[in-house]
């Protein structure tokens, strides 16, 4: 018996088994299969994930990208190449309530099953918990295609395999951010503050913090002084006033990476331990340092548990002289700072995420190379990235770092002085081969010098445009800041 015949017989046998499913669920599966038309169901699920935030939000983005790829592959490529007739029409009146209009396209493979599996798998790569919740729904959508008579079982199985494979392949050009905090081997002495006594916490409600974050902090640390930052108040000036008045033993910051970076620079300058409470949209540093929840940080504060971490320092020479900046995560020149400025301009009208996407597209379409000398070597750049510590992966867009006290900078830049550099970059990014292309450079150093041969360009530190300059001296400052942090053994991944 040939494989083709075995598959056909199995299809007919499994297809017939659906006749035994109680008729009470017929309308449910009919509505479910229609809701997945044009991926409307998955766009709705993505919206819920975005509202939930955190890893689920990233999962929604990866899931929708996976759906787009899986749908294109299944419907535009495989169906025309592998034509197959749909199951025969059912004439028995008992099945009338189960049927939906039969599409005219090839039955093989199932595009609905491909999209369902792609979305659930894409979300699961970023958020296993959200993926587990979506898996039964994806399986139900896939089965509904057989139950309503528009696909053979093998169409659905192959479609689901295609969708899962496409979602898994996204890791080649967009690495999955690890859930584990970065390693820190340098312990530090910090005062234990029972109930938060002696702790000053500044909360920036504009960073994406929940409406209850201040109340949650007050419950966890009832003796701490908690200050809500007014949107029109300069954070540095406000901190200077508060520290002079309150004289805290430690400084706490609740907000996004920009807010945390400002607090870190202030804590470093005044030799205060820093407590980081996640209160932003992405919370990159809070996740790296192990402050996954406000409760984690509160436990470290009350127990006096802390570590020493590195900072990055950059001296900017520009039209207004020299400026010194501290960064916790990253510094960058080129396209990213320009896109941040456009995003901030458009954000009040169209929202943060649409503005960010539109700004990046606009900048990439009109970008001009930056003529620069990097550590004495002349080159032309599209973008220069400097990470505080070693980031991974090295051959893709950097997503996470391995340690917070490595004593190094992770320097990466996209070269514009190679033929067809944009095309080569796009191809390498799409295929996950950045590490092997000559237009992408990566190295670990303790310092880097960048001098421009043209007009000043913007520097972004920790996601915020901070200065314009023509020369940038960047160095790693090892174990420069004390941060409250639970020991590795107590951190949940």
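The values are calculated or read from the model by the stated rules, or taken from the named source; none is laboratory data. Every value quoted in this text rests on a predicted model; they were computed, and no experiment measured them. Positions of Cβ are generated from backbone atoms using ideal geometry, with glycine treated the same way; all protein chains shown enter the neighbour counts.
Per-structure values
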{"read-out": "Qualifying residue in the range 464-487 (condition: crowded, with 16+ Cβ neighbours inside 10 Å, modelled with pLDDT under 85 and touching a helix residue (DSSP H, G or I) at 6+ places or on another chain (Cβ under 7 Å))", "value": "yes"}
{"read-out": "Strands (runs of 3 or more DSSP E) lying entirely in the range 230-322 (those with 2 or more residues that are in contact with a helix residue (DSSP H, G or I) (Cβ under 7 Å, 6 or more places away or on another chain) and over 20 Å from residue 478 (Cβ atoms))", "value": "250-255, 274-278"}
{"read-out": "Qualifying residues in the range 171-185 (those that are out of contact with any strand residue (DSSP E or B) (no Cβ under 9 Å at 6 or more places or on another chain) and outside any loop (DSSP other than H, G, I, E, B)) - the one nearest to residue 426 (Cα to Cα)", "value": "172"}
{"read-out": "Where residue 58 falls short, out of the listed (1) assigned to a helix (DSSP H, G or I); (2) closer than 26 Å to residue 147 by Cβ", "value": "(2)"}
{"read-out": "Candidates 135, 130 - the one that is surrounded by fewer than 21 Cβ atoms within 10 Å (Cβ to Cβ), within 30 Å of residue 279 (Cα to Cα), in contact with a helix residue (DSSP H, G or I) (Cβ under 7 Å, 6 or more places away or on another chain) and touching a residue at least 12 places away in the same chain (Cβ under 8 Å)", "value": "135"}
{"read-out": "Residue within the range 433-451 that is in contact with a strand residue (DSSP E or B) (Cβ under 8 Å, 6 or more places away or on another chain), more than 22 Å from residue 374 (Cα to Cα) and surrounded by 15 or more Cβ atoms within 10 Å (Cβ to Cβ) present", "value": "no"}
{"read-out": "Condition check for residue 193: surrounded by fewer than 24 Cβ atoms within 10 Å (Cβ to Cβ) and touching a helix residue (DSSP H, G or I) at 6+ places or on another chain (Cβ under 7 Å)", "value": "no"}
{"read-out": "Flag if residue 378 is assigned to a strand (DSSP E or B), assigned by TED's automatic domain parsing to the domain that holds residue 459, surrounded by fewer than 20 Cβ atoms within 10 Å (Cβ to Cβ) and at pLDDT 90 or above", "value": "yes"}
{"read-out": "Odd one out for residue 30, checked against (1) surrounded by 15 or more Cβ atoms within 10 Å (Cβ to Cβ); (2) within 17 Å of residue 132 (Cα to Cα); (3) touching a residue at least 60 places away in the same chain (Cβ under 8 Å)", "value": "(2)"}
{"read-out": "Among the candidates 218, 214, 188, residue that is surrounded by 14 or more Cβ atoms within 10 Å (Cβ to Cβ), under 31 Å from the mean Cα position of the chain (by Cα), in contact (Cβ under 8 Å) with a residue 12 or more places away in the chain and assigned to a helix (DSSP H, G or I)", "value": "214"}
{"read-out": "Any pair with Cβ under 9 angstrom, 6 or more apart, that starts in the range 407-420 at a residue that is not assigned by TED's automatic domain parsing to the domain that holds residue 377 and in a strand (DSSP E or B) and ends at one that is surrounded by fewer than 21 Cβ atoms within 10 Å (Cβ to Cβ) and modelled with pLDDT of 85 or more", "value": "none"}
{"read-out": "Index of the failed condition, residue 466 passing every other in (1) under 26 Å from residue 343 (Cβ atoms); (2) in a loop (DSSP other than H, G, I, E, B)", "value": "(2)"}
